[in-house]
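Quick notes on the structure that follows.
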Amino acid sequence: MKIDEFKKGDVTVVVPHGSLDIETRKLFVDVLIGLIDCNETAVLVDLSKIEFMTSTGLSAILQAADRMDEEGGKFAVCSLSEPVTKIFKLSGFPSIIKVYKSAETALPRMN
């Protein structure tokens, strides 16, 4: 899995590529938790490059969101494909984690 990250104002945007599953979970979580441990206070995960996600991927996102909540920061996801949107909705994630249509929509609300 390739993971890009960059800053937009006070928000760190994380863009994972490929699949988010049992094989890539550890790397993904390590990146997100590492950002939180380095005192990043706002993290936006752009899922536009995720082609496939399992429940293991969902649990990775939830783990990072919970950790950010403990630290009092902001955490959100954006740019979900149709299949990923279905997984999120079936799992009830939109009631737990902020989900935005795009990074452009999310960033003003997170800065």
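Within segment 6-24, residues that are within 17 Å of Cys78 (Cα to Cα) have Cβ atoms under 6 Å from residues that are open to solvent by 20 Å² or more (accessible area, probe 1.4 Å) and of a type in the set (Val, Ile, Thr) in these pairs: Pro16/Ile3, counting only partners at least 6 apart in sequence or on another chain. Name the single residue that is least open to solvent (accessible area, probe 1.4 Å) among those in segment 76-108 being part of a helix (DSSP H, G or I), of a type outside the set (Ser, Thr, Tyr) and out of contact with any strand residue (DSSP E or B) (no Cβ under 8 Å at 6 or more places or on another chain). Filtering segment 76-108 for residues that are part of a helix (DSSP H, G or I), of a type outside the set (Ser, Thr, Tyr) and out of contact with any strand residue (DSSP E or B) (no Cβ under 8 Å at 6 or more places or on another chain), the one least open to solvent (accessible area, probe 1.4 Å) comes out as Pro94.
Looking across segment 43-53, the residues that are open to solvent by 10 Å² or more (accessible area, probe 1.4 Å), more than 13 Å from Lys86 (Cβ to Cβ) and not small (Gly, Ala, Ser) come down to Asp46, Lys49, Glu51. Of the residues contained in segment 18-40, one or more are found to be exposed (fewer than 14 other Cβ atoms within 10 Å of the Cβ), modelled with pLDDT of 95 or more and at positive phi.
The values are calculated or read from the model by the stated rules, or taken from the named source; none is laboratory data. No experiment lies behind these values; they were computed from the predicted model shown. So basically every Cβ, Gly included, is an ideal-geometry build from the backbone, and we count neighbours across all protein chains shown. Remember, those area values only see protein heavy atoms, side chains included, never the ligands or the DNA or RNA. Shrake-Rupley method; radii C 1.70, N 1.55, O 1.52, S 1.80 Å.
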